[in-house]
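Some notes on the structure that comes next.
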């Protein structure tokens, strides 16, 4: 087994935010390989979260974000098992960053489980038509279309979107899973609302030429 230095443990700790003991264990299991140790920690976090799937998460935090121009705002709720977690700095920062992400990326759903079956069926139909238009063989159509639908989920479902605050390209869901593993509680993004100034209002478009004509005719 490779000798694990304190400096190497600190480097992994800074990269992942995982406890020092977990970082040392990961490096020992992976013979000092930082990349493999990072993956080991991610799998460990996912395993911890899976074991807590049946627990009730009814505490947590409601956070808001308003963009600096005042035209976009977000309210989001992320649940935890205990109210103690709401005071956790990392948890609070994640929820605030997530609100900023929602303002920037404008997801429609929290997760693909929320997407109505009729919407999924329509997107599948559109994807298959696009693939056939590309001239692909019929036996390849379903598989290629499935990839297109997966990309649609990534564009429209919050947990599948690449997190704008993560420099490793991980999704919002991946970052939430890692955070849950570090905190040791079930964490759930329950809901969000995104507001955009004037959204849904039919704006009147004035026709300057018609206005001049009306004025000239005395109307």
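Here are some notes:
- Length gained on full extension, residue 146 to residue 134, computed as 0.36 nm times the residue gap minus the Cα-Cα distance: 2.8 nm.
- Simple spin-label estimate for residue 166 and residue 83 in nanometres, 7 Å along Cα-Cβ: 3.1 nm
- Sorting 140, 8 by the number of Cβ atoms found within 10 Å of their own Cβ, with the fewest placed first, yields 140, 8.
- The alpha carbons of the range 70-194 give a radius of gyration and a Dmax of 17.3, 57 Å, in that order.
- For the range 170-184 and the range 92-142, distance of Cα centres in Å: 22 Å
The numbers here are math on the coordinates, done by the rules we state, and not lab data. Owing to the predicted nature of the structure, the values given are computational and were not obtained by experimental measurement. Methodologically, a virtual Cβ is constructed for each residue, glycine included, from the backbone with ideal geometry; neighbour enumeration extends over all protein chains shown.
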